[in-house]
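Participant: One structure follows; several queries about it will come next.
Values quoted throughout were computed directly from the atomic coordinates according to the rules given, and no laboratory measurement underlies them. The structure presented is a predicted model; accordingly, all values stated were derived computationally and were not measured. Positions of Cβ are backbone-derived with ideal geometry, glycine not excepted, and every protein chain shown enters the neighbour counts.
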Amino acid sequence: MKRLKSGVDCAKRRIYVTVSIGIVVIDEKINSFSIAYNQADSALYRAKHSGKNSYVIYGGSAKCSVC
């Protein structure tokens with residue numbers, strides 16, 4: 001994420017990219033792809049709403065943490 005913040009040269013132009021990432025910690029309680037997908041999707045949208053260049057981890061006892 002730090003690398004993208006300073007911009008990337010592409011086709012003789014400088015472009016700036018921001019990212020939002022949703023991460024899910026998979027443990028024995030998650031027994032299907034759809035549960036993991038929904039949790040990662042939820043984390044992604046929390047990251048998007050918290051601002052640019054952030055990620056949210058969904059899992060364990062802490063449902064979400066914004067970084």
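Participant: Dipole of the chain, Cα-centred, from +1 at each Lys and Arg C-beta and -1 at each Asp and Glu C-beta, to the nearest 20 debye?
Facilitator: It works out to roughly 560 debye.
Participant: Using modelled amide H (1.01 Å from N, peptide plane; none on Pro or chain starts), what sits under 5 Å from the amide H of Asn53, excluding residues fewer than 5 places away?
Facilitator: Residues meeting the amide H criterion: Val19.
Participant: Moving to a separate point now. Return the calculated 222 nm mean residue ellipticity for the chain, to the nearest 500 deg cm²/dmol, obtained by summing -39500 (n - 2.57) across DSSP H runs with n ≥ 4 and dividing by the residue count.
Facilitator: Rounded to the nearest 500, it is -10000 deg cm²/dmol.
Participant: Now, a different point. Please give the helix 33-50 orientation as an angle from the longest Cα principal axis of the chain, in degrees from 0 to 90, rounded to the nearest 10.
Facilitator: 50 degrees
Participant: I'd like the Kirkwood hydrodynamic radius of segment 20-66, using the inverse of the mean 1/r over distinct C-alpha pairs, in Å.
Facilitator: When all Cα pairs of segment 20-66 are included, the Kirkwood radius is 10.4 Å.
Participant: Between Ser32 and Asn53, what's the calculated FRET efficiency when r is the beta-carbon distance and R0 is 30 Å? Round to 0.05.
Facilitator: Here the calculated transfer efficiency is 0.45.
Participant: For Cα pairs less than 8 Å apart in space and 6+ apart in sequence, what is the mean separation divided by the residue count of the chain, i.e. the relative contact order in percent?
Facilitator: Taking the mean separation of contacting Cα pairs over the length of the chain, I get 30 percent.
Participant: While we're here: Per-residue counts of other Cβ atoms within 10 Å, averaged by peptide: what ranking do you get for 7-20, 28-41, 45-58, highest first?
Facilitator: Peptide ranking by packing, descending: 45-58, 28-41, 7-20.
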